[in-house]
Amino acid sequence: MLTTTNKPSDPTEQLSGTRLVELYQTMVLSRYLDERVWLLNRQGKAAIAASAQGHEATQVACIEATDPSKDHYLIYYRQFAAMMALGTTPEEMLRGFLAKEDDPMSGARQFPLHGAHPRVDLFNFSNVIATQLPQAAGVALADTLKGSDAVTIVFFGDGASSQGDTHEAMNFAGVHKLPVIFFCENNRYAISVPIEKQMGVESVASRAAGYGFPGVQVDGTDVVAVHEATKAAVERARAGDGPTLIEASVERLLPHTTDDDHTRYRSAEDIAQMANRDPIKILSELLKRRDLLTDDADAEIHAAAKKRVNVATDTVDAEPYPSVDTMFDHVVDSVGGNF
Amino acid sequence: MSEQTVIEAVRATLQSEMRRDDTVIVLGEDVGSRGGVFLATDGLIDEFGENRVIDMPLAESLICGVALGAAVNGMRPVAEIQFADFVWPAINQLVGEASKVRYGTNGVKTAPMTVRIPYGGGVRGGLYHSQSIEVLFSHTPGLSVVAPATPYDAKGLLATAIRTDDPVIVLEHKRTYRLVKGDVPDEDYTIPIGKAEIKRPGTDMTIVTYGLMLHYSLQAAEMAAANGIDVEVLDLRTLRPLDADAIAESASRTGKALIVQEDTPAVSISSEVAAIIGERCFFDLDGPITRLGPPELPPMPFSPIQEAAFMPSPEKILAAITKLSEI
């Protein structure tokens, strides 16, 4: 495993201190909203949630290195902060979790974070692990045929690295040097099964050698490091030099979903140690060490996020569910809906 | 107008669709220089190049997953699964994923992809080059499934499939590829999905069938005519959605229905056709809804004698016609 130093990189020319503070705000907002969704689950209002708590730095930093005006994002169910980084509003997020009529991703047909985004090319067709990887290779292939320099970035967890689709997609992307970034958020657990039982090698990234393209390991709590790694992969893909596999090591601070209990399979010590790798805490401390954030300003960011989440909750809680008749829409264009 | 085999019609249609629309690409195993194991893509790589005729790694889930990804990003991929028996690894990408793209994104994304699948037996293919796999796809909302059995229908339905903005499974019976010939107009045309066709009009009973069994049923109908039994043969052509109106109209008019299929009968296309006739034609029937299919065995033995015993044949169909006519 990657050694975790908890010594995050300093701001760079490409990622200024001012911009770092803005990304921090996004992370904090994502965290408050994520916490709210779990509360709504316990109130019986949100049927299911998978948390991004612990993954925020990775997701926000990775998106920062891409171009939402043309790039493609194939996400999986834990990309809460990535969606926020791409401009999804708290109301839009909550409409998915509360299955409300105006859920922008799927009209409340699917679980939260599934469907297609209304403004950027972000989508997530299914709950079935790793199916998005061959699809991402197809999206990238289409761009090469069209002569577009768009980059496709596909996210997956360490559990997905065991699927055959993952191998098939990386193999094909290597053959054709496709402009695709395989981005693994390795939190060491596939629900309850630890990484030692998923793979016999040290890292997911090391497998890239078998496909003929670079594999990079990065500390997923380090915003600047994740940004740099992703930026390099994006530039490589845009230049036509092919794929990159990035493996960001992160912590899953909460159980797999609201239906899981990680005390059944993680030790108390393991759970307690995770708090040291909370990316919000790490970035907050860095910003303060570098005089980019005061305690007062930090408190204001937290207060603003909490208020924003409260407003969104009140708004969306009062919104209607979709009517029954809309469930017959969009099966196929013209035929095939009824047997 | 020219006389073509089914495989010639498929190849010519792929070529004309690729000429007509730059976004049409072909991908599959051995589709490039080899031209496909059945030669459905013969010569396409010479005209369109390896960017549009893509020899894929030997991985069916990848083929269909890549087709899906390309389809949601502006292409109209035509994937070839080499034999239907090999499609199982790709079921996840087809039944699980492609079928739900439009529905699961509330209409934001569509997947205009075609998957051509040679299926069926009677070719000494044994257990793994003979299977009929239509039921899994025809059970799936969000997919359309066509099974053309003549060169004319192969052209019209393949063109429709490629131009449709949703996933279409095109089942081509491999025994028909070179066995069946027919006139195909030179000009462009399409055949709507969901429309069956009466291939032989008759008054005494209706055979509902598709694929290779269409041709066996037509032969059996001619033999029955010599015995004074006038059999109508309805070719389903589309397996999802089934043309319930055409099925019910014909069965009600003739009063007797025999459903012939090569796939094993339990929980199959013939089950659904029988249900449609039962629900819609009950008071018009003067005989039991009858089904003819192979025995409930894994399709199908390699031994020539056992294969012949497994497959429905014109003679077996004639026997079923005769029995039903006597009721």
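Bear in mind that the values in this text are calculations on the coordinates, not laboratory data. Keep in mind that this is a model prediction, so the values were computed, not measured. Cβ atoms come from the backbone with ideal geometry, glycine included; neighbour counts cover every protein chain shown.
Side notes on the structure shown:
- Measuring how big the range A:22-319 is from its alpha-carbon positions, Rg and Dmax come out at 18.5, 53 Å.
- Highest-MSF residue in chain A out of A:ARG78, A:ARG264, A:ARG308 [GNM, Cα springs under 10 Å]: A:ARG264
- Computed magnitude of the charge dipole of the range B:197-325 (debye, nearest 20; Cβ of K, R +1, Cβ of D, E -1): 120
- For the range A:269-276, 3J(HN,Hα) per residue [Karplus equation, 6.51 cos²θ - 1.76 cosθ + 1.60, θ = phi - 60°, Hz, x = Gly/Pro]: 5, 4, 5, 5, 5, 4, 4, 5
- Charge dipole (debye, nearest 20) of the range A:22-319; +1 at Cβ of Lys and Arg, -1 at Cβ of Asp and Glu: 360
- Short-range pairs are left out: with C-alpha atoms under 8 Å and at least six residues apart, the relative contact order of the range B:2-184 is 27 percent.
- Against chain B, whose longest principal axis comes from its Cα atoms, helix B:212-226 is set at around 30 degrees.
- Calculated on the Cα set of the range A:138-221, radius of gyration then Dmax: 13.6, 43 Å.
- Label-to-label distance for A:SER206 and A:GLN43 is 4.7 nm, based on points extended 7 Å past Cα in the beta-carbon direction.
- Binning the alpha carbon pair distances of the range B:2-184 at 5 angstrom intervals from zero yields the distribution 1, 9, 18, 23, 22, 16, 7, 2, 0, 0, expressed in whole percent.
- In this entry, the range B:1-69 is assigned a mean projected area of 5.0 nm², taken as a quarter of its C-alpha convex hull surface.
- Using every pair of separate Cα atoms, the Kirkwood estimate puts the hydrodynamic radius of the protein assembly as shown at 27.0 angstrom.
- Placing R0 at 30 angstrom, the Cβ-Cβ distance between A:SER9 and A:GLU269 gives a FRET efficiency of 0.60 after rounding to 0.05.
- The range A:85-210 - percent relative contact order, Cα under 8 Å, separation 6 or more: 17
- In this Cβ point-charge picture (+1 for Lys and Arg, -1 for Asp and Glu), chain B has a dipole of about 360 debye about its Cα centre.
- Positive-end residue, the range B:197-325 charge dipole about Cα centroid, Cβ charges, pick of B:ILE321, B:THR206, B:PRO295: B:PRO295
- Cα centroid separation, the range A:203-230 to the range A:76-117 (Å): 27
- B:LEU27 long-range amide H proximity, modeled H, under 5 Å: B:ILE54, B:VAL78, B:ALA79, B:GLU80
- Gaussian network model of chain B, Cα within-10 Å springs - most flexible of B:LEU179, B:LEU171, B:LEU214: B:LEU179
- Coupling constants for the range B:83-94 follow from the phi torsions by the Karplus curve (6.51 cos²θ - 1.76 cosθ + 1.60, θ = phi - 60°), and in residue order they are 9, 3, 4, 9, 7, 4, x, 8, 4, 4, 6, 9 Hz; glycine and proline get x.
- Using alpha carbons only: equivalent-ellipsoid semi-axes of the range A:242-307, gyration tensor based, whole Å: 28, 20, 14
- Rh by Kirkwood over Cα pairs, then Stokes-Einstein D for chain B at 1.306 mPa s and 10 °C, µm²/s: 79
- Computed over chain A with a Gaussian network model linking Cα atoms closer than 10 Å, the most mobile of A:THR66, A:THR58, A:THR315 is A:THR315.
- If R0 is taken as 45 Å, the Cβ-Cβ distance between B:ASP284 and A:VAL175 corresponds to a FRET efficiency of 0.15.
- Looking at chain A, the DSSP beta bridges with both ends there are about 15 percent antiparallel.
- Residues B:GLU29, A:GLU319, A:GLU13, ranked from the fewest to the most other C-beta atoms within 10 Å, line up as A:GLU13, A:GLU319, B:GLU29.
- Distance in nm between pseudo-label sites at A:ALA299 and A:THR89 (7 Å out along the Cβ direction from Cα): 3.0
- Global size of the range B:115-223: 14.5, 42 Å for Rg and Dmax (C-alpha atoms, Rg to one decimal, Dmax whole).
- Free of any trypsin sites (Lys or Arg not before Pro) that DSSP assigns to a loop and that have at most 13 other C-beta atoms within 10 Å, the longest stretch within chain B is B:125-327.
- Spin-label pair A:VAL193/A:LYS288, simplified geometry with 7 Å Cα→Cβ offset, distance in nm: 4.1
- Sequentially through the range B:42-50, phi angles give Karplus couplings (6.51, -1.76, 1.60; θ = phi - 60°) of 4, x, 5, 5, 5, 7, 10, x, 7 Hz, Gly and Pro residues having no value and appearing as x.
- Degrees, to the nearest 10: B:314-325 long Cα axis against longest axis of chain B: 40
- Within the protein assembly as shown, helix-based [θ] at 222 nm, where runs of 4 or more DSSP H residues each add -39,500 (n - 2.57), nearest 500: -11500 deg cm²/dmol
- Eigenvalues of the alpha-carbon gyration tensor of the range A:1-158, scaled by 5 and square-rooted, set the equivalent ellipsoid semi-axes at 24, 23, 15 angstrom, largest first.
- Taking chain A and dividing mean pair separation by its residue count, relative contact order in percent (alpha carbons under 8 Å, at least six apart): 24
- Taking amide H as placed 1.01 Å from N in the peptide plane, the amide H of A:GLY115 sits under 5 Å from that of A:ASN124, A:PHE125, each at least 5 places away or on another chain.
- Among the listed pairs A:LYS45/A:LYS100; A:LYS281/A:LYS306; B:LYS155/B:LYS195; A:LYS146/A:LYS177; A:LYS146/B:LYS155; A:LYS177/A:LYS231, those with a Cα-Cα distance over 19 Å are A:LYS146/B:LYS155.
- Angle of helix B:60-71 to the longest C-alpha principal axis of chain B, folded into 0 to 90 degrees and rounded to 10: 70°.
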